Amino acid sequence: MVSANGVSLSPHALAAENRGFDTGIGRKLCAGVDSGLLPHLHAVLAERGGETVLESYGTGPDENWGVPLGEVRFGAQTLHDLRSVSKSIVSLLYGIALERGDVPRLDTPLLELFPGYEDLAEDPQRNRLTVEHALTMTLGMDWDETRPYTDPENSEIAMERAPDRLRYILERPFVADPGTRWIYSGGATALIGAILESGTGRKLPDLAREVLFGPLDITRFEWSAGPDGTHSPASGLRLNAPDLLKIGRLVLDNGLHAGRRLVPEAWIAASLTPVIATGEGPDYGYFWFCGQAPVPALGGPTPWFAGFGNGGQRLWLCPKADVAAVIFSGNYNAWNAWVAPTRVWSEIILANLREA
């Protein structure tokens, strides 16, 4: 099926019915696209219990970490920016490395892990910062990513261009006590990425390939790097939709894949436990958003967890329904980029679940 706006829909009606979904879920997605209520969608992929129930791909302009790619016809093998969904995958990598003893415990003071910044260590408040503060974005330091990522005053962009990215992050002035306020920060993720690389002796792409992507049979990916050659843990990963969905299934299965433990179950549970309110609706765990959405088939508001990325990138998970979904979009740097992915998740996927 192809919608009037060129969105192709793969037939999964039988699987949808077998997995407790309305068989018209695909037609409803196409209708939403054609009506203009679901603009900028590049890919929508959903599964329940490991079986695909919804799959569609569109055509539209795209970017690779801000570099225009022109008009792209998307498909199952098309790599796509995850943007900040990258953070959620970095969280999984930290959990794996922690279990192996390669990285420090979460209560470890941050400045102990970054020698060479003795002047910053003279600040008692800065000495209170821990690994957990970075994982939960509760460093309490000034950081502004509300500006478009085309703006050099955006803190993540300024960090990428700084002569010393670690100093740029660690010397930010405090606007709250550590642990008391959530401030969205790619700098926090950059610190975790640096700890991972130092502790494991691997660059992020190599570490991911060894401990996560390889075991999941994810063979094609890209990881963008800044001018200094540092791969961006905050926003640089590119995967195709089916491979990102594999990661969603891994989390829903509490870190198991094909009977093999890839991520510690305790880390999955901790990552998806709300630690701090964001003030923007959902709460936050270890680089995962934690919220609720109405699921009529389950009797009302039901917890979900997600990685969110600029432009409308989403990895949605609903453990109670055993549903995972990937949404790729091209609405980069737009204030309303969250609208269409949220409608797809709530009004198309969860609303068309008919059996618990």
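Ignoring everything except DSSP H segments at least 4 long, calculate the 222 nm mean residue ellipticity for the chain; use -39,500 (n - 2.57) per segment, divide by total residues, nearest 500.
Taking each H run of at least 4 residues, the total per residue is -7500 deg cm²/dmol.
Which value results for Rg/Rh of region 198-248 when Rg is the Cα radius of gyration and Rh the Kirkwood radius based on the inverse mean 1/r?
Working: Rg = 11.3 Å, Rh = 11.6 Å.
Ratio of gyration radius to Kirkwood radius for region 198-248: 0.97.
Give me Val90, Val295 sorted ascending by neighbouring Cβ count inside 10 Å, so fewest comes first.
Details: Val90 26, Val295 22.
Final ranking by Cβ density, sparse to dense: Val295, Val90.
Check cross-link reach from Lys203 to the aspartates and glutamates: straight Cα distance under 15 Å, and skip same-chain residues fewer than eight apart.
The qualifying aspartates and glutamates are Asp102, Glu222, Asp228.
Between Ser8 and Leu216, what is the label-point separation in nm under the 7 Å Cα-to-beta-carbon projection?
For Leu216 paired with Ser8, the spin-label model returns 2.4 nm.
Semi-axes, largest first, in whole Å: what does sqrt of 5 times each Cα gyration tensor eigenvalue give for region 16-75?
Working: eigenvalues 138, 43, 11 Å².
Listed largest to smallest, the semi-axes of region 16-75 are 26, 15, 7 Å.
Stokes-Einstein at 25 °C, 0.890 mPa s, Kirkwood radius from Cα pairs: D for region 88-200 in µm² s⁻¹?
On the way: Rh = 14.3 Å.
D, rounded to a whole number, is 171 µm²/s.
List the lysines whose Cα sits under 19 Å from the Cα of Lys320, skipping any in the same chain fewer than 8 residues away.
Cross-link targets: Lys246.
Please give the per residue volume of the convex hull enclosing the alpha carbon atoms of the chain, rounded to a whole number of Å³. Each step should come with its number before you reach the end.
Numbers: hull volume 44.2 nm³, N = 356.
So the per-residue hull volume is 124 Å³.
Of Val85, Phe287, Phe21, whose Cα points farthest to the positive end of the dipole of the chain (charges on the beta-carbon: +1 Lys, Arg; -1 Asp, Glu; origin at the Cα centre)?
Phe21
Computed from the coordinates by the stated procedures, all read-outs in this text should not be read as laboratory data. Treat the numbers as computed from the prediction; the structure is a model and nothing was measured. Here Cβ is always computed from backbone atoms with ideal geometry, including for glycine, and neighbour counts include all displayed protein chains.
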